[in-house]
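Some notes on the structure that comes next.
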Amino acid sequence: DSAVNWRDWPQNNVAETMITKDAKPDAAEKLKMARARLPIFSGEPIVERKLVMPNQAGFMSAILPQGMRAISVAISERSAVSGFILPNDRVDVILTRKLDGPDGSGKIVKSETVLSNVRVLAINQTFRQETGEDKVTVTEGKTAVLELDSMMSEVITKVEAAGELSLALRSIAEGGDAGIQDTKPVLAE
């Protein structure tokens, strides 16, 4: 809400592509979830071709920070904390695999944390709230989309082939939105 506001603009400089209050009085409310597809500078009029909505192609790439990748991993209700993991939560990724026992006569199960404090970008679950009701319906997700750098993307792809991945939800008190600890500062708005 604080990022945009209506401004007076000289009538003879209003282009057809600009979002005007006369044409779209509810634009500020309708575009709340939009993300910039291209840079928009302070004081610049907003045009819709520079925006992308969550249901449009290109939205995920618009929300990814520079240098990060979106990688999907298979999940089940059990491996994703029964549906309590939501976009923007932070998780640890745990690999569980069955290995031959030391004497070769059986299997042993081993689990290990392969990535820590990873941001969840999306879970392909559907939330539906009936209009005017408090009841929310949740459909189980089958994949989680994680935000990783290129090296971690390779790691997750390799370990997913080695066994089953589980996501362990992290408490917000453990670093909140601090993100992955091995990051480099980049110039940002």
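Values computed for the structure shown
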read-out	value
Solvent exposure, largest accessible area first (probe 1.4 Å, DNA, RNA and ligands not counted), of M68, M33	M33, M68
Distance (nanometres) between label positions extended 7 Å along Cα→Cβ at S72 and V155	2.3
In Å², nearest 10: area of E147 left accessible to a 1.4 Å probe	10
Virtual spin-label span in nm between K107 and L31, 7 Å along Cα→Cβ	5.5
Candidate residues I46, I172: accessible-area rank, largest first, probe 1.4 Å	I172, I46
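The values are calculated or read from the model by the stated rules, or taken from the named source; none is laboratory data. Here the structure is a predicted model, which is why all the values come from computation and not from measurement. A quick note on method: Cβ atoms are made from the backbone with ideal geometry, for glycine too, and the neighbour counts reach across all protein chains shown. Remember, those area values only see protein heavy atoms, side chains included, never the ligands or the DNA or RNA. Shrake-Rupley method; radii C 1.70, N 1.55, O 1.52, S 1.80 Å.
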